[in-house]
Amino acid sequence: ALSMFGTTVGLYGIPWCKKSLLLTILMSVIGASMGILDTGGNVLALNTWGAEAGPHMQALHFSFAVGAFVAPILAKMALGGSESKDFTVAEKTNHSVPRSVLTASAASATSALKHHLGADFLWSYVVIGTYLLLVSFFFFILYSKGSSARDKSKASLQKCMFAKYHYVLIFLLFIFFFCYVGAEITYGSYIFTYAKAFAEMKENEAAALNSVFWGAFAACRGVAIFCAACLYPGTMILLSIVGSAVSSLCLAFFARYPASLWVGTAVYGASMATIFPSSISWIEQYTVMQGKSASLFVIGAALGEMCIPAVVGYLQGRFHRVPVVMYTALVTSALTVVLFPLMYKLANAPSESDSKEMSESEDRKALLSNAGLNEDEEDEEGAGEWNEADFEVIEMNDTLRNSVIETSRRIPGDSPAKASLQPHLDNVLRDSLVVAGGSPGRKNANVDREKND
């Protein structure tokens, strides 16, 4: 909300600037606000949708691509027609009037053109600034209704999710975005000049080639919104870096052929489209992305956007016959191909929490195995105790048996008392087994043995 409000202030003030210093300050305010928006927007999308942020991240950057592709066309439609019309009127007037009136007519035409263009620029800045102001108010409303406690609890829960090589991954991602964004801006900025100087294209053909690059870039980001729902971010990154490497290789060595130049430019633009949002979604799977971490790789992207085009422009001015733009695209693509497998290996390294869990599981297994051995020992000791108890039961049973035999001898014949003696004997033997603490299985065995006796 604050970044978009700062952009609104800069847009409202730029049409009224009469001093270059004030214009520089306002443009710096807009640049800083857009940098904050670039960082905060990505982090906000990750915090809002979490693991499902892939399609939303692609949609966010698709809106950037659409704006970059449509804005110059709309500006040319709004300003180009009036500018050419006024110059045409001025040229016709210059042919029909004497030379003495030429200076006055040219001055009046120029002043009218400046006034007309100034009015168009004024309304353009006012309309865009008002739109951003409304969006800024909308974000302020969302912020006022949000729960800071919930965000703090969520952040505390995510503290244990840091990767083992968190800072190394952030640094490598810094370099990765430095190369990627620098190559993207460099190619989009210099392809028009390259097409005219090296491919000897006409101005409208060079402009069409530039539009092919940004059009393929925007279209592929639109398709990536749906692809992100069924493809992993790592898969999309792998496809993108392979496509950019192959297309940049063709552009570096076969760009003199028109077909190779057109196809390579389209494939290169499409391949570069999904790398930035897919990389943010990919790194979120392995470590926590907070504001500081996100700002670091966004700074890397901004430095690449600033430094690589400047270096390429300087080298292209020194070496006129060397296609520095194409070689830069090839070198940066090769660097991204090397960096991504390295980041993938570091991201999948087991963290300290994983190693602790593994050690705890091993300790748990060891305890269980020791417990099993103790149980076996206890079983053996218990078996010894049962055997001693059995011997005691047998001794008690022998005594009871002798007493019962003596009693039975005193009873003459097969009297009813003898028939009722056996159940009484069974009860006595069973009670003696219970008192001795024998096992149920052995109790029954002893009872049967005594019955047989």
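The values are calculated or read from the model by the stated rules, or taken from the named source; none is laboratory data. Remember, it's a predicted structure, so these values are computed and weren't measured experimentally. So basically every Cβ, Gly included, is an ideal-geometry build from the backbone, and we count neighbours across all protein chains shown. With ligands, DNA and RNA removed, areas are computed over all heavy atoms of the protein, side chains included. Shrake-Rupley method; radii C 1.70, N 1.55, O 1.52, S 1.80 Å.
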Exercise. Quick check: anything in region 316-332 of a type in the set (Val, Ile, Thr), buried (at least 23 other Cβ atoms within 10 Å of the Cβ), in contact with a Cys (Cβ under 8 Å, 6 or more places away or on another chain) and assigned to a helix (DSSP H, G or I)?
Worked result: yes
For this session: Any residue in region 192-207 that's farther than 17 Å from residue 309 by Cβ: show its pairings with residues that are open to solvent by 40 Å² or more (accessible area, probe 1.4 Å) and among the acidic types (Asp, Glu) at Cβ separation under 8 Å, as long as the two are six or more apart or on different chains.
Result: 196/203
